[in-house]
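J.: If you scroll down you'll find the structure; I have some questions about it.
Bear in mind these aren't lab numbers, they're just calculated from the coordinates by the rules spelled out. Only a predicted model underlies this, so the values are computations on that prediction, with no experimental measurement involved. We place every Cβ from the backbone using ideal geometry, glycine too, and count neighbours over all the protein chains shown.
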Amino acid sequence: MATEDSKDKTQRAFISYLTHATRVLTTRPTLRETMVQEPLSLSYIDPSYRLRFLVNKVEDSTQFRDLCDAVDRAVGYENPTPSSIDQVESGYRGTYLTALKTFCRRSRFYSSAFANKQQDPQEYFNQFWSGLFRREAKITILKILDEVEFSSRLIDFGFFRIQRFTREELDTLIDRDVMDTFYSQATIDTGVLSQHSLLVADWTEVRGEGAKATPPVDVTTYHDWSWLQVQPKTPHLIIQLLAIHDWTPDLTEDECLEMAADLGEIQTLWPGPTISESLIIDDDIFSEPKSLRYSDGIPDQFRDGLPTAFPIPVSLQQENDIKLSVSKGGKVLLIAEQVKPHWDFIQVALSYLGKAFLAKPDLEQLLWNVAVLESLLSERAEVGQTMRRRISNILGSTDREKREIRKEFDELYDFRSNLVHGNVFTKKAGYEHLAKARRLAGQVLSWVLDYLIWVDEDYRQRGINYEHYPRRDELLAVLDFDRGSLDRINRFIGRLPATFPKF
């Protein structure tokens, strides 16, 4: 830990440097000032270019090197390791060099001095010194949602939101003028982003020399950066929860016919919005900002700022339905954490649903949707027969409906079996099969979520602890009986002796 003496020395070096930098940055430009190596005549000097030139100049000064040394002695080398001792002896000044440069740039000290604004060096030092040991940084992740047009500019889900920003709002969010001047890799065309609805998630991290932050693991916060690469890894929880909703367009028959020429079978095929890779915004003024460049994986229309020509409208009612689906999935996940490991199957099912949501419209998408059904309903023995019986009991009300559902499932399961066993396909999977697989997976998952919520509410009302909640096989066993069988079982099961099956 730094001493008061080392803090005083650092403070003097810090204020000396800021005073020197202010003097240089407020010097009026002159034509005799050499800013380029080539023999060029300049009639206009861009202010941002001149600011960068002057900043490079002051950061190469004796005052800046003295400040780096003071900070290193106060914090970085109080208990030096062998490697850092070698660095000190060689005159190395890199431990806090980047942090100092970034702080002066991102705190807007350089920009304000250049604009000749009145500043208090002591306030900057206090902010810098306290931030070395503990500071809060806000991280914001943006994902573009394309092919969709929401009715609202903001849909708040609590721990994430779907939002459409103005260009000015986005410029403020990314600190556009500072990024344009000093960090060109961390700026982006906000005009492009303002044309799209964005999936937005943000949180606060505690950083610094003494920070010891332990990220929470519940569904209301998240620090799992693996969702930045959503495939082939498990999609992040946000994607899984959004996938619960049935994104089938809420259109009239005439609207479907009007769009059919351009969108083909969109009314049955469209699984939801296209979701881009992530743009990460970190407002930590001690850390260099990350690149916001679009990756090769983002479709061309995102770069060009061109939303889909015919975006699918999402009504206010559908927006409310999305919020209800997300809330229901989150509620069950919280319960499952308490019932662990007996309800882990719901987490597995959601991860498969997220993969299906992001998969291309081919057999891979069908496979993941069937995997959702397997994780929810299958047994190790007679997987297909058990699942077809349970799915028909869940979704069918009459014998005819149950027969039709079993027929649909058999056809889909044949595709799945041929795919995983490497067999030759005798039939081609069409868009209608993908739509059926998604519909079955979504409806069954939604039913299971309602089922688990009902079980939880019933058990809590009766004061039953989590360790006594029914396990997966027990939850599923009741699906193997028809209504009449369940009624008969219910009449006698409560009368069985405590020693059953012994009498």
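J.: Given a Förster distance of 45 angstrom, what is the FRET efficiency for Arg483 paired with Glu168, based on the Cβ-Cβ distance and rounded to 0.05?
T.: The value I calculate is 0.15.
J.: Lys331 to Trp454: extension gain in nm, 0.36 nm per residue of separation minus the Cα-Cα distance?
T.: Net length gain for the segment: 43.1 nm.
J.: Let me ask you something else. With a sphere of radius 9 Å drawn around the Cβ of Ala356, what net charge do the other residues whose Cβ falls strictly inside it have (Lys, Arg +1; Asp, Glu -1)?
T.: Its environment carries a net charge of +1.
J.: Taking R0 as 35 Å, what's the FRET efficiency between Ser6 and Asp46 from their Cβ-Cβ distance, rounded to 0.05?
T.: 0.30
J.: Checking the a/c ratio against 1.5 first, then a/b against b/c, what shape does the Cα gyration tensor give for the stretch 94-218?
T.: Oblate, because a/c is 1.5 or more while a/b does not exceed b/c.
J.: Hey, which of these cross-link pairs are over 30 Å Cα-Cα: Lys9/Lys57; Lys290/Lys328; Lys7/Lys117; Lys323/Lys407; Lys138/Lys436?
T.: Lys290/Lys328; Lys323/Lys407; Lys138/Lys436
J.: Could you check the spin-label model distance between Asp362 and Asp202? Points 7 Å from the Cα along Cα→Cβ, value in nm.
T.: Output for this residue pair reads 3.9 nm.
J.: For Asp189 and Glu277 in one chain, what is 0.36 nm times their gap in residues minus the Cα-Cα distance, to one decimal in nm?
T.: The span from Asp189 to Glu277 would gain 30.1 nm if fully extended.
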